[in-house]
Amino acid sequence: MVKDAYRFAIPPLAMGAVCLFFGWKWAAAILIFLGLFVFYFFRDPERVIPTDPGAVVSPADGHVVEIVDEILDTRMGHRVSIFLSIWDVHVQRAPVAGRIANVLYRPGKFLGAFRSTASRENEHNIIYIHTPQGMMAFKQIAGAIARRVICWKHQGEEVALGERVGIIRFGSRVDIWLPMEAEVTVRRGQKVEGGASILAKWNSTA
């Protein structure tokens with residue numbers, strides 16, 4: 001359980017208890033359900049991290065909604081976009097092992113995260129990871145409901161494959177940018193799990 005859960009769940013649970021005390025059963029039921037749902041939303045299950053050489057794991061839970069070739073910082077690569085519904089785990093994990101080269105925050109809109117334009121126009125963090133194979137990047141993207149992208153890591157920190165790196169609150173999107181030499185192994189519409197599902201194989205020594 002992510003510790004933020006208590007901050008958001010305790011107030012509606014407390015208010016629900018007060019409503020129950022005064023006999024306002026419907027209001028109590030709604031508030032208690034809301035508090036319990038917040039606990040569910042902030043769940044943070046353990047994952048079995050793959051040991052395959054060159055494996056790039058999914059940084060997030062959700063469904064793959066887009067796989068396109070796209071330029072990032074003047075370099076062409078494969079962009080894999082994952083849509084997270086409110087029912088998915090919202091903790092993000094490192095897709096590769098390496099060192100955090102940079103974390104860039106970009107303010108923006110709060111369009112529906114399922115839209116392709118959300119990758120460019122919505123508020124997001126870009127997290128760059130330097131590895132022995134080269135640079136990789138992924139984005140935490142806010143959605144229509146999600147209004148906060150949070151990265152727990154800072155520039156210079158080392159991360160292990162599948163390590164927890166941040167969270168997006170209440171429905172969102174995560175994009176990962178893969179170098180052209182990486183072989184994408186997922187397909188559009190596929191359900192993936194953060195830290196456990198292999199998105200691509202990357203054995204380059206570039």
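Each reported figure results from applying straightforward, stated rules to the coordinates on display, with no laboratory input. Quantities reported herein were computed from a predicted structural model and do not represent experimental measurements. Glycine also receives a Cβ, built like all others from the backbone with ideal geometry; neighbour counts cover every protein chain displayed.
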Straight distance only, please: which lysines reach the Cα of Lys109 with their own Cα at less than 20 Å, same-chain residues fewer than 8 apart left out? Lys139
Unit charges on C-beta of K, R, D, E only; dipole of the chain, Debye: 620
For the chain, the longest principal axis of the Cα atoms and the Cα long axis of helix 25-41 enclose an angle in degrees, to the nearest 10, of 20
Taking the chain, the whole-percent share of alpha-carbon pairs separated by over 21 angstrom is 53
Could you identify which residue out of Gly166, Gly62, Gly195 has the top mean-square fluctuation in a GNM of the chain using Cα springs shorter than 10 Å? Gly166
Rounded tilt (10° steps) of 4-21 against the dominant C-alpha axis of the chain: 20
Pairwise label distance in nanometres, Leu36 with Val18, each label 7 Å out on the Cα-Cβ vector: 2.2
Cβ crowding within 10 Å averaged over residues, with 26-35, 77-86 ranked highest first: 77-86, 26-35
How high is the relative contact order of region 55-201, in percent, counting Cα pairs under 8 Å that sit 6 or more residues apart? 35
Rounded to the nearest 0.05, FRET efficiency between Glu158 and Glu70 (Cβ-Cβ, R0 25 Å) equals 0.35
With the chain treated as a Gaussian network of Cα nodes joined by springs under 10 Å, which of Met180, Met136, Met15 yields the largest mean-square fluctuation? Met15
